[in-house]
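Everything on this sheet refers to the single structure shown next.
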Amino acid sequence: MTPHALSISQNPKDPDFVQDPYRFYAEMHRASPVFYWQEYGMWCAAGYDQVNALLRDRRLGRENRWGAPLNPVQGRDHLTDFDRIESGSLLEREPPVHTRLRTLVNRAFVSRSVERLRPRISQLAQELVDALPSGQPVDLLPGFATPIPLTVICELLGVPVERGNELLAWSHAMCEMYVPHRAHETEERANRASAEFGAFLTAHIEEHRHNGADDLLSALIAVRDTGEKLSDDELISTCVLLLNAGHEATVHQTGNAVKTILEQGGDPRRFFETPDLAAATIEEALRYDAPLHMFTRYAYEEIDLGPVTLKPGEQVALLLGAANRDPSAFEAPHEFRPGRPDQKNVSFGAGLHFCIGAPLARLELQQSLAVLFDRRPDLALQAPPRYRDSYHFHGLESLIV
Ligand code: HEM
């Protein structure tokens with residue numbers, strides 16, 4: 001095949017594609033797992049082994065070493081507050097800055113074992129199930145999927161859960177920046193949200209400095225690594241990242257997992273009979289229908305992708321959702337089979353940027369879904385749920401049961 005034959009057009013906003021990106025991935029797995037996606041203007045990798053290897057390849061990285069957004073250039077004046085937060089975000093940096101930030105954040109995070117949150121997650125899930133109306137349809141996204149990760153990350157960090165609605169609004173506005181071809185207005189909204197979020201956290205950090213508490217924010221303020229500590233800007237960026245990453249993906253994964261399990265029919269309790277079964281079920285749900293499908297990397301050196309060689313400065317999109325359904329890596333990739341012998345997934349990434357919140361997200365999903373189905377084994381989908389109009393955050397619009 002010539003490179004021209006590998007150039008594919010697929011509108012990421014096409015409603016059929018948004019509802020079922022897996023059909024497109026299956027075609028690409030058949031035709032060529034490395035292809036040029038015209039609408040994004042970049043090469044993409046869809047094969048499991050290749051995506052996994054590229055995520056770990058130090059010749060690629062998240063940091064843009066050629067200009068915006070880390071060194072604002074002309075045309076980004078309206079994004080100063082957003083860029084300021086991004087530049088201190090470990091997700092957007094590479095060594096040596098990433099190593100320093102990640103070591104400090106890990107140290108604060110690891111000192112607070114997530115396992116001890118299990119009873120609190122269970123209690124929250126019980127309370128939310130108690131509040132679900134019986135005998136009438138209810139949307140589980142606001143009623144169950146959203147409040148658990150939001151409450152848990154707020155309590156863990158030590159910011160007031162009562163401000164949850166504002167945090168959600170700021171986070172949603174900022175996440176819109178990850179959608180390509182956005183309107184100027186969307187960018188202005190994201191910048192305003194960044195400024196407000198930053199001001200909110202500045203006040204909180206000040207308060208925590210004076211009245212230390214037993215929470216992650218205090219641990220982040222106090223953390224030291226061979227004399228290094230987080231600057232005020234880095235503290236704000238880290239808190240924004242933890243609050244945003246700490247709920248957005250988990251909310252969507254909860255919705256996607258409930259949908260997947262209910263679509264299997266039969267008694268959903270069978271998937272959660274033991275802790276091992278619950279863990280296997282959640283791992284398979286993460287593989288089967290992940291919330292984040294695409295992460296990009298810049299090439300820092302020439303990278304041979306097979307049919308094409310990336311030049312330094314070029315970007316490549318790593319299609320996590322496609323890798324998880326690669327027929328050369330999984331038997332019957334489109335079937336939901338908890339406990340499958342070939343279980344693996346790249347839903348939390350891999351390598352240097354592997355998700356810091358993976359243990360917490362796994363715990364939240366295992367515990368909250370076990371409670372939900374134990375208490376309401378009779379739940380059934382009212383109608384096939386629809387995904388929101390966004391390829392970048394693959395989650396449901398609503399989940400009426
Ligand atoms: C099901 C839920 C979640 C999914 C699917 C998910 C997925 C991911 C992925 C794919 C990455 C790597 C991105 C890349 O390689 O470019 C990542 C990074 C990250 N995630 Fe998560 N995440 C989830 C939940 C969480 C939670 C609950 C937290 C916080 C408590 C969190 C915090 C982070 C942070 C801080 C990073 C950046 C790590 C770094 O750059 O070194 N995530 N996540």
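A few points about this structure:
- Computed from label points 7 Å out along Cα-Cβ, the spacing between residue 229 and residue 77 is 3.7 nm.
- For the chain, averaging the sequence separation of C-alpha pairs within contact (under 8 Å, six or more residues apart) and dividing by the residue count gives a relative contact order of 26 percent.
- The residues packed around residue 264, meaning those with a beta-carbon under 13 Å from its beta-carbon, carry a net charge of -1 if Lys and Arg are +1 and Asp and Glu are -1.
- Förster radius 45 Å - calculated FRET efficiency between residue 344 and residue 42, Cβ distance, rounded to 0.05: 0.95
- Rounded to the nearest 500, the 222 nm mean residue ellipticity of the chain from helices alone is -15000 deg cm²/dmol, with -39,500 (n - 2.57) taken per DSSP H run of at least 4 residues.
- Amide H within-cut-off set for residue 396, under 5 Å, with H built and near neighbours excluded: 256, 388
- Residue order, fewest to most surrounding Cβ atoms within 10 angstrom, among 175, 44: 175, 44
- Coil-residue trypsin sites (Lys or Arg not before Pro) of the stretch 134-197, DSSP, other Cβ within 10 Å capped at 16: 182
- The chain: most fluctuating residue of 91, 305, 319 per GNM, C-alpha cutoff 10 Å: 305
- Helices in the chain that qualify as membrane-span-like (whole DSSP H runs, Cα extent of at least 18 Å along the helix axis, mean Kyte-Doolittle hydropathy of -0.5 or higher) are 97-110, 118-131, 232-263, 275-288, 358-375.
- Sorting the Cα pairs of the chain by distance into bins of 10 Å, from 0 upward, gives 4, 22, 32, 27, 13, 2, 0 percent per bin.
- Near residue 330, no amide H atom lies under 5 Å from its own; only residues 5 or more places off or on other chains count, and H is placed 1.01 Å from N.
- Taking the Kirkwood radius as Rh and the Cα radius of gyration as Rg, the stretch 269-401 has a ratio of Rg/Rh equal to 1.03.
- Simple spin-label estimate for residue 267 and residue 183 gives 5.1 nm between the two label positions (7 Å along the Cα-to-Cβ direction from each Cα).
Values quoted throughout were computed directly from the atomic coordinates according to the rules given, and no laboratory measurement underlies them. Note that this is a predicted model, so its numbers are computed, not measured. Reconstructed Cβ throughout: ideal geometry from the backbone, glycine too, with neighbour counts over all protein chains shown.
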